[in-house]
Amino acid sequence: MTDTIVAAPITRRQQIVQAPIRHRGRRRVVDATMTGILAAVMIACVAVLLWVLGYVASIGLQFLGPEFLTQTPPGNPADAGGGFVNGIIGSVEIVGIATAIAVPLGMSAAVLIVEYGGRLARWVSFLTDVLVGVPTIVTGAFVYAIWVTQFGFSGLAGAVALALVMLPLVIRSTAEMLRLVPAELREASLALGVTKARTITSIVLPTARTGVITGVMLAVARAMGETAPLLLTALGNDLFTEVNPTHRMSTLSLQIFGSAITGYKAAQARAWAGALTLIAIVLIATIVARLASRRTFTSGR
Amino acid sequence: MTTPEPTNVPVKIRTVVTERAPSDISGLENETIDAALPGRTGSRVEIRDLSAFYGSHLAVTGVNLIVEPTEVTALIGPSGCGKSTVLRCVNGMHLNTPTGRVQGQVLIDDINILGKGVDPVLVRRNVGMVFQRPNPFPTMSIYDNVVAGLRLGRRGRRTSEYDDIVEVSLTRAGLWPEVKDRLKAAGSSLSGGQQQRLCIARALAVEPRVLLMDEPCSALDPISTLVIEDLIAELKASYTIIIVTHNMQQAARVSDTTAFLTVPGLGQAGALVEIGPTSRIFSNPNEKATEDYITGKVG
């Protein structure tokens, strides 16, 4: 008499318990594959960024020196040497004025859209979406038509054009950040007998501060690199360093553009150095803004 | 229906504020401060025929209840019965929601705070609120959280008084010993229970007459809950307290009066079923619906 071994029927409970184990191998493979794909995509993105930065830096650094940061371009673009100091001053000044115009307006519009709502807010929101889609050369042409034809080319006209470019970006990013502030914080403040206006300025905006500053810096970086609207407004001025914004001014972006299309080796070298300077200014501004936006607690007093 | 039309006099509310002298903070040197303020009581709250709407949707209707000063009234009922909405009408917060509308009256010391011409800011200076989830201001320190209502509300207190107000308020909220050495730390660095007591301290610092609590313990652990329930028992001598709670044991423990609200079905309007002394509501309710709810048959 031999023992016969009969396999016990698999119960439903065993099936359930075993089910995840059966797929364990497949899930491991999927997990590893997906992790690999995501890592590859990330490396590709960072690599492109580093390539651009490295390429600009490797060429730009050859020509970037104290002379470049302190002198204006030589009278003859074919000559070597000289620098973009007028463009650096012009860029910082024009973008600074544009920021001073766009940030208060943009933040006010975002507060209107998110905190107050209503018909006007919906219109502002809609127009913002339209404005963000306007090509910047059109913005430049618009400022040319209504301003430059009356008062001539000037840094101020350039700043207005750049402010129009920055405005929708500031409104959109600020509005997004304000929406992230929990409604409970607003209610907590109102429940203490604080007015709505004070709640917005003292609770909502400080809570959203970090995100708002990041959005503003993105708009600043965008404005720093804009060339098209400045061609029709600030025009450029490579003869001397101009600091008066009511006169035509040069900016780094204009000088990079102008030098790059000349065909002279020396001018193109200055364009590379200018490109590197532009990246450096944006980077420094972003880092400074990040440090400034670090959350600090107002003292007890 | 023959009650005289209450006058809407926001100015009267303002005088109530100024009447309160800084003498509330006398006797600070004695380390132990009673949560209660001697010689000071809360306001009488009366809700008359209140209906609250969200847009055209009637959320809760026909609410009549009277809350005497120095009493704790609990609002209980299943989800969606409108008890939070009723609570939010008492400080006008319901009107702050985009589509919020009300009918009826909420009288605080005989002033209809839902009437025309009443400044909600002045109302809320007298009616504090503690929310379901602790919500300290994340950009502010513990100290600044407590004085936020005074500082942002321009309440005419000198900043030299703030130190005392912070100590008194945190002591009343039972948080002072735990935070007195780190008042400059972020309010959000505290534990959930501590944050909720910070929020209570913040509400007390502006010295309201009425304190509304919207499920103040639902996000807290049992020990923090106990601390806050003890606190409610101490605060009721000086503040009229209305508390919304899902926890019937809590209602039984902390309240003197219980109001039961229910909602007949999804999307329908909630209504007040029964109100009475807590002991009677929980032992011998008049209405079948109340009995079913508190014995756990429904809800």
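The values are calculated or read from the model by the stated rules, or taken from the named source; none is laboratory data. A quick note: this is a predicted structure, and the numbers were derived from the prediction, not measured. Quick reminder, even Gly has a Cβ in these numbers, built from the backbone with ideal geometry, and neighbours come from all protein chains shown. Accessible surface areas use protein heavy atoms only, side chains included; no ligands, DNA or RNA. Shrake-Rupley method; radii C 1.70, N 1.55, O 1.52, S 1.80 Å.
Sum -39500 (n - 2.57) across every DSSP H segment of at least 4 residues in chain A, then divide by the residue count to get the 222 nm mean residue ellipticity, nearest 500.
-23000 deg cm²/dmol
Got a sec? Charge dipole of chain B, +1 on Cβ for Lys and Arg, -1 for Asp and Glu; which of B:285, B:200, B:94 is way out at the positive end?
B:94
Take chain A, connect every pair of alpha-carbon atoms lying under 10 Å apart with a spring to form a Gaussian network, then pick out the residue of A:234, A:157, A:44 with the largest mean-square fluctuation.
Highest fluctuation among the options: A:44.
Grab the beta carbon distance between residue A:27 and residue B:247, set R0 = 35 Å, and tell me the FRET efficiency rounded to 0.05.
0.25
Counting Lys and Arg as +1 and Asp and Glu as -1, each charge on the Cβ, what is the dipole of the stretch B:39-92 about the Cα centre in debye, to the nearest 20?
Around 140 debye, computed over the stretch B:39-92.
To the nearest 0.05, how large is the calculated FRET efficiency for residue A:287 and residue A:92 if R₀ is 25 Å and r is the Cβ-Cβ distance?
0.95
Which percentage, to the nearest 5, of the DSSP beta bridges contained in the protein assembly as shown is antiparallel?
55 percent
Gap in Å between the Cα centre of the stretch B:50-121 and the Cα centre of the stretch A:173-212?
24 Å
Quickly work out the residue B:230-to-residue A:127 label distance, labels modelled 7 Å from Cα along the C-beta direction, and quote it in nm with one decimal.
Going by the 7 Å Cα→Cβ label model, 5.9 nm.
With a ≥ b ≥ c taken as the square roots of the eigenvalues of the C-alpha gyration tensor of the stretch A:68-226, please select rounded if a/c is under 1.5 and otherwise prolate if a/b is larger than b/c or oblate if it is not?
Because a/c hits 1.5 or more and a/b exceeds b/c, the stretch A:68-226 counts as prolate.
For residue B:57, what accessible surface area do you get with a 1.4 Å probe? Give it in Å², rounded to 10.
Approximately 80 Å² of residue B:57 is accessible to the 1.4 Å probe.
Rg(Cα) of chain B divided by 2.2 N^0.38 Å?
So chain B has a normalised radius of gyration of 0.99.
Residues of the stretch A:228-259 with the amide nitrogen closer than 16 Å to a label point 7 Å from the Cα of residue A:145, along Cα-to-Cβ, please.
A:229, A:232-233
Starting from the coordinates of the alpha-carbon atoms of the stretch A:59-157, obtain the Kirkwood hydrodynamic radius over all distinct pairs and give the value in Å to one decimal.
Value: 17.1 Å, from the Cα pair sum.
Please work out the FRET efficiency for the pair residue A:294 and residue A:62, using the Cβ-Cβ distance as r and a Förster radius of 45 Å; give the result to the nearest 0.05.
Here the calculated transfer efficiency is 0.80.
Once the Cα gyration tensor of the stretch B:195-256 is found, what semi-axes does its equivalent ellipsoid get, as square roots of 5 times the eigenvalues, in whole Å, sorted largest first?
With the √(5λ) rule applied to the stretch B:195-256, the semi-axes are 17, 14, 10 Å.
Sorting B:162, A:55 by accessible area (1.4 Å probe), largest first, what list results?
From most exposed to least exposed: A:55, B:162.
From zero up to wherever the largest Cα-Cα distance of the protein assembly as shown sits, split into 10 Å bins and tell me the percent of pairs in each.
For the protein assembly as shown, the binned pair fractions read 3, 13, 18, 16, 14, 13, 11, 7, 3, 1, 0, 0 percent.
Just check chain A against the gyration tensor rule for me: Cα atoms, a ≥ b ≥ c as the square roots of the eigenvalues, rounded for a/c under 1.5, and otherwise prolate or oblate depending on whether a/b exceeds b/c.
oblate
Once the piece of chain linking residue A:78 and residue A:260 is laid out straight, how much longer is it, given 0.36 nm per residue of separation minus the C-alpha distance between them?
64.3 nm
Which one, B:120, B:64, B:77, is farthest towards the positive end of the dipole of chain B when Lys and Arg carry +1 and Asp and Glu -1 on their Cβ?
B:120
About the Cα centre of the protein assembly as shown, what is the dipole size in debye to 20, counting +1 per Lys and Arg Cβ and -1 per Asp and Glu Cβ, all else neutral?
In total the dipole reaches around 1120 debye.
Rounded if a/c is under 1.5, else prolate if a/b beats b/c, else oblate: with a ≥ b ≥ c from the C-alpha gyration tensor eigenvalues square-rooted, which is the stretch B:109-256?
Since a/c reaches 1.5 but b/c is at least a/b, the shape of the stretch B:109-256 is classed as oblate.
Using only the heavy atoms of the protein chains and a 1.4 Å probe, how would A:189, A:58, B:79, A:202 rank by accessible area, largest first?
Listed by decreasing accessible area, they come as B:79, A:58, A:202, A:189.
Under a 1.4 angstrom probe, counting protein chains only, how are B:65, A:218, A:291 ranked by accessible area, largest first?
A:218, A:291, B:65
Work out the length of the dipole vector of chain B about its Cα centre, built from +1 on the beta-carbon of each Lys and Arg and -1 on the beta-carbon of each Asp and Glu, and round it to the nearest 20 debye.
880 debye
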